[in-house]
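The values are calculated or read from the model by the stated rules, or taken from the named source; none is laboratory data. What you see is a predicted model, and the numbers here were worked out from it, not measured in a lab. In this analysis, Cβ positions are derived from the backbone assuming ideal geometry, glycine residues included, and neighbour counts consider all displayed protein chains.
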Amino acid sequence: MIVKYIRYSSVSQKADRQLLSETKYDKIYIEQASGTIPFAERKEGARIIADIVNGKITTLCVEEASRIGRSTIDALSTIKLCEEYGINLVIENLGLSSIVDGKPNPIFRLVSTIISSIAESERESIAERLDAGRVAARMRGVKFGRKEGAVENKSTFMNKPSVKEISKLVTRGGYTIREIAKLTDTSTKLVMKVKRVVMEKV
């Protein structure tokens with residue numbers, strides 16, 4: 001079975017671009033999850049691993065190397081699993097396959113490791129710049145969060161994009177608070193708040 005794994009990190013992002021050639025796959029695993037979560041701990045990532053172990057997958061396609069791991073080590077762990085089970089791992093934006101003409105591609109691991117390392121460095125750099133920006137803003141007297149005394153009504157709160165995504169998963173059921181927080185890249189505190197509002201409506 002030829003499958004594709006699609007991960008997008010925030011509710012403001014879309015998976016449309018990664019679905020352009022969806023007709024060539026037997027199955028698509030898609031989820032909204034932060035790239036900081038290890039592949040095996042993501043809901044769909046865990047399903048893929050189970051399907052690989054159970055012999056259901058022959059080819060696993062991803063748009064780019066950063067989709068398959070939280071870090072270089074995590075990505076290499078996924079790559080190693082594919083190697084052990086003879087899975088052809090395809091990184092589509094590079095046109096790179098781990099198996100070519102039935103044989104392991106020696107260039108694949110080298111290139112995928114480099115790309116994963118670059119992606120990890122970029123994530124760390126972005127996080128550092130965000131932290132530095134917040135510190136600089138606080139030094140200028142900028143205050144983060146809602147203004148003191150401001151009260152947000154339920155309608156405004158429930159219409160926020162992230163809250164809508166949480167509400168859908170809460171209503172659908174079958175997910176723990178921690179799982180919903182991971183899937184929506186939000187805090188468990190926010191998930192519990194949304195759940196309380198949803199339950200009030202029931």
**Asked** Which ones in the range 25-36 are at pLDDT below 85 and either in the same structural domain as Ser162 (by TED's automatic domain parsing) or closer than 18 Å to Asp51 by Cβ (or both)?
**Response** Ala33
**Asked** Scanning for something within 19 Å of the chain's Cα centre (by Cα), surrounded by 19 or more Cβ atoms within 10 Å (Cβ to Cβ) and either within 20 Å of Thr176 (Cα to Cα) or at pLDDT 90 or above (or both), does the range 11-23 turn up at least one residue?
**Response** no
**Request:** Quick one: in the range 33-90, of everything that is in contact (Cβ under 8 Å) with a residue 60 or more places away in the chain and not in a loop (DSSP other than H, G, I, E, B), which residue is nearest to Pro104 (Cα to Cα)?
**Result:** Ile68
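Would you check if Ile118 is out of contact with any Pro (no Cβ under 8 Å at 6 or more places or on another chain), among the aliphatic types (A, V, I, L, M) and modelled with pLDDT of 90 or more? Spell out how you get there, then give the answer.
Values: out of contact with any Pro (no Cβ under 8 Å at 6 or more places or on another chain): yes; among the aliphatic types (A, V, I, L, M): yes; modelled with pLDDT of 90 or more: no.
Criteria not met by Ile118.
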**Request:** For the range 43-76, name all the residues that are surrounded by fewer than 17 Cβ atoms within 10 Å (Cβ to Cβ), of a type in the set (Gly, Ala, Ser) and touching a Phe, Trp or Tyr at 6+ places or on another chain (Cβ under 9 Å).
**Result:** Ala46, Gly55
**Asked** Which ones in the range 68-113 are at pLDDT 70 or above and either small (Gly, Ala, Ser) or outside the structural domain of Asn54 (by TED's automatic domain parsing) (or both)?
**Response** Gly69, Ser71, Ala75, Ser77, Gly86, Gly95, Ser97, Ser98, Gly102
**Asked** When both residues are 6+ apart or on different chains and their Cβ atoms are under 8 Å apart, which pairs have a first residue that lies in the range 131-151 and is among the aliphatic types (A, V, I, L, M), and a second that is at pLDDT below 70?
**Response** Ala137/Phe144
